[in-house]
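J.: Okay, here's the structure, questions in a sec.
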Amino acid sequence: MPASIGLRTFEVAPSTTGEELRSGQGEPRRTLLQLTDPHLFAKADGQLLGVTTRRSFEAVLEHACTHSPHADTLVLTGDLVHDESREGYRSLRRLLDRTGLPYYCIPGNHDSRPLMEDLLGPAALGPVAVHRLGNWNLVFLDSTEPGQDGGRIGGARLAALREALAASPSPAVIFLHQHPIPVQSDWMDRLSVADGDELIALCNRSPRVKALVCGHIHQEFEQRIDGYSVLGTPSTCVQFAPRRSEFAIDTRAPGYRELTLHQNGALETHVVRLDGYPERALRTARGY
Ligand SMILES: [Fe+2]
């Protein structure tokens, strides 16, 4: 549990460039922290199903930066601001800026893309964007469809993704909001990427892809497909119970995912939860 959940400037190692050696293992590697579905509000005390989302986000962000002092980059995979308020995005930017780390954001179904672009500037990415991290490609894919909670990539974005993957022989991680394969929760799987099969087919044909990393499902998930993994990550606020036919709250702690990208194309990852964090979603909630 973090010693404090108050606002403060995080002390983190500056982002590195070049081929710095890490941890004495003799091989350059990069560390990336994925935080997802913070569902912030304009008001600092705004709550989602009983969780004060800004407070839990601050706690997760502080924990992540403290426990991964060599992190290179933060990635936020959507549902950034629940009430689509300008102040919500301003708060997010303030908190992320304080880490001193570069950060990248893609939208979720609860986001306003125009507000993201206006208030997060170049950190708001999509519909298909690629950034280098060491010898890896980080691919940011907007999977949202306006007015819909479920996602859809669509022909144009799939074509752009195919082109981006073909343009470089480097290993790649693709980030998107909605899950592209079923996670065995009927209610949630109705809100997946509608054309996820086409995305998976494209990844199956590209040995460069090492992982598809999503938000949206508010739970840890991992499924191996050929040479890559589909990964889901706990929200920084409310958790959904896995493998349920209908909406159900999980009282597990908020968390985040750390990904380590090795120069040889290997990827290591694990989820970290703030088990001592005191606030939990209302177990009686029937939806959100
Ligand atoms: Fe969400």
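The values are calculated or read from the model by the stated rules, or taken from the named source; none is laboratory data. What you see is a predicted model, and the numbers here were worked out from it, not measured in a lab. Quick reminder, even Gly has a Cβ in these numbers, built from the backbone with ideal geometry, and neighbours come from all protein chains shown. Only protein heavy atoms, including side chains, enter the accessible area calculation; ligands, DNA and RNA are left aside. Shrake-Rupley method; radii C 1.70, N 1.55, O 1.52, S 1.80 Å.
J.: At 37 °C and 0.692 mPa s, grab the translational diffusion coefficient of region 29-273 from Stokes-Einstein with a Kirkwood Rh over Cα pairs, rounded to a whole number in µm² per second.
T.: Values: Rh = 17.6 Å.
This corresponds to a translational diffusion coefficient of 186 µm²/s.
J.: Which whole-number percent of Cα pairs in region 34-128 have a distance greater than 16 Å?
T.: Details: 2213 of 4465 pairs.
Roughly 50 percent, once rounded to a whole number.
J.: Alpha carbon centre of region 107-145 versus region 183-199: separation in Å?
T.: Comparing the Cα centres of region 107-145 and region 183-199, I get a distance of 21 Å.
J.: Tell me, what % of the accessible area of the chain is carbon and sulfur with a 1.4 angstrom probe?
T.: Exposed carbon and sulfur together represent 48 percent of the surface.
J.: In addition: Before anything else, pin down the relative contact order of the chain: Cα pairs under 8 Å, at least 6 apart, normalised by residue count, whole percent.
T.: On the way: 700 pairs, mean separation 57.1, N = 288.
Reported relative contact order: 20 percent.
J.: Under the rule that an exposed site lies in a DSSP loop and has at most 13 other Cβ atoms within 10 Å, name the longest stretch of the chain with no GluC sites (Glu not before Pro) of that kind, not counting the sites themselves. Kindly include the intermediate steps, with their values, before the conclusion.
T.: Details: sites that count: 11, 19, 20, 246.
Looking at the chain, 21-245 is the longest stretch - no exposed GluC sites (Glu not before Pro) with at most 13 other Cβ atoms within 10 Å.
J.: At what distance in nm do the modelled label points of residue 226 and residue 45 sit from each other, each positioned 7 Å from its Cα along Cα→Cβ?
T.: 5.3
J.: Search the structure for amide H atoms under 5 Å from the amide H of residue 216, placed 1.01 Å from N in the peptide plane, and list their residues when 5 or more places away or on another chain.
T.: It is 37, by chain and number.
J.: Can you give the extra length, in nm with one decimal, that the chain gains between residue 288 and residue 145 once fully stretched, where that is 0.36 nm per residue apart less the Cα-Cα distance? Mind dumping the intermediate values first?
T.: Details: separation 143, 0.36 × 143 = 51.48 nm, distance 1.88 nm.
Gain on extension, residue 288 to residue 145, equals 49.6 nm.
J.: Could you check the spin-label model distance between residue 264 and residue 246? Points 7 Å from the Cα along Cα→Cβ, value in nm.
T.: 5.1
J.: Hey, can you find the accessible area per residue of the chain for me, probe 1.4 Å, expressed in square angstrom?
T.: Computed with neighbouring chains in place, this is 41 Å² per residue.
J.: Please get the size of the charge dipole for region 29-273, origin at its Cα centre, with Cβ charges of +1 on Lys and Arg and -1 on Asp and Glu, quoted in debye to the nearest 20.
T.: Values: 25 positive and 29 negative charges, 124 e Å.
In debye, rounded to 20, region 29-273 gives about 600.
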